[in-house]
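Structure first, commentary second.
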Amino acid sequence: MRVGIGADHAGYELKTELVEFLTEQGHDVVDIGPSALDPTDDYPDFAKALAQCVRDDGAERGIMVCGSGVGASVAANKIRGIRASVCHDTYSAHQGVEHDDMNVLCLGARIVGPEVARELATAFLSARYTGEERHQRRLDKVLDIEAEFR
């Protein structure tokens, strides 16, 4: 799967580890940055670039890492077509895709360590949207909200 990944300064180290892990797992990883640790990096810049990579540049899914995952989620969800969520448990990571068609996983590097992050990424990337009637009905309502407030 083609996966975009990005981080701010707080998530840089975990992002670097995830890039290696995802590549070893056979994914085509698009690292949108940063390419070096810079304490002045801000999550909105990289969340925006990652969301655009998922929406416009062919990445099927994205993973964004910041300190808590919250800021990254808030910023990524500002981009039309993005459904991002913080997930620090594997159930939410796969259920968010299966029921809500989540396309960006946000992680908090100050919350989860590398092993849990690998498990979360695996759960997220292996999940598929079910398209069940009740899930599609709810997703359509979310998409209507997005269209209304464009």
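Pick out the one residue from GLU98, GLU146, GLU119 that is at pLDDT below 95, acidic (Asp, Glu) and surrounded by 13 or more Cβ atoms within 10 Å (Cβ to Cβ).
GLU146 is the lone residue from the list that is at pLDDT below 95, acidic (Asp, Glu) and surrounded by 13 or more Cβ atoms within 10 Å (Cβ to Cβ).
Looking at this structure, is MET64 part of a loop (DSSP other than H, G, I, E, B), on the phi < 0 side of the Ramachandran plot and within 13 Å of the chain's Cα centre (by Cα)?
no
Kindly indicate whether ARG110 is basic (Lys, Arg), out of contact with any Asp or Glu (no Cβ under 7 Å at 6 or more places or on another chain), under 27 Å from TYR12 (Cα atoms) and surrounded by fewer than 17 Cβ atoms within 10 Å (Cβ to Cβ).
yes
If you go through segment 3-19, how many residues are in contact with a strand residue (DSSP E or B) (Cβ under 6 Å, 6 or more places away or on another chain), part of a helix (DSSP H, G or I) and among the β-branched types (Val, Ile, Thr)?
1
If you take the residues in segment 101-127 that are in a helix (DSSP H, G or I), out of contact with any strand residue (DSSP E or B) (no Cβ under 8 Å at 6 or more places or on another chain) and not β-branched (Val, Ile, Thr), which one is farthest from VAL70 (Cα to Cα)?
SER126
Can you name every residue in segment 125-145 that is within 12 Å of ASP101 (Cβ to Cβ) and either of a type outside the set (A, V, I, L, M, F, W, C) or in contact (Cβ under 8 Å) with a residue 40 or more places away in the chain (or both)?
Within segment 125-145, ARG128, TYR129, THR130, GLY131, GLU132, HIS135, GLN136, ARG138, ASP140, VAL142 meet the criteria.
Check off (1) surrounded by fewer than 18 Cβ atoms within 10 Å (Cβ to Cβ); (2) without any contact (Cβ under 8 Å) to a residue 60 or more places away in the chain; (3) not in a loop (DSSP other than H, G, I, E, B) for SER35 and give me the number that stays unchecked.
Condition (3) is where SER35 drops out.
What pairs can you find where one residue is in segment 84-96 and free of Cβ contacts under 8 Å to residues at least 12 places away in the same chain, the other is in a helix (DSSP H, G or I) and among the acidic types (Asp, Glu), and their Cβ atoms are less than 6 Å apart, with a gap of 6+ or different chains?
none
For every residue, the table says whether it meets (1) of a type outside the set (Gly, Ala, Ser); (2) crowded, with 18+ Cβ neighbours inside 10 Å; (3) in contact with a Leu (Cβ under 7 Å, 6 or more places away or on another chain); (4) modelled with pLDDT under 95.
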position	(1), (2), (3), (4)
GLY4	no, yes, yes, no
ALA10	no, yes, no, no
GLU13	yes, no, no, no
GLY26	no, no, no, no
LYS78	yes, no, no, no
ILE82	yes, yes, no, no
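Only one of (1) under 21 Å from GLU20 (Cα atoms); (2) surrounded by fewer than 21 Cβ atoms within 10 Å (Cβ to Cβ); (3) not charged (D, E, K, R) is not met by ALA93, so which one is it?
(2) is the only condition that ALA93 fails.
The values are calculated or read from the model by the stated rules, or taken from the named source; none is laboratory data. Model, not experiment: these values are computed from the prediction. Because the Cβ atoms are built from the backbone with ideal geometry, glycine has one as well, and the counts that use them run over all protein chains shown.
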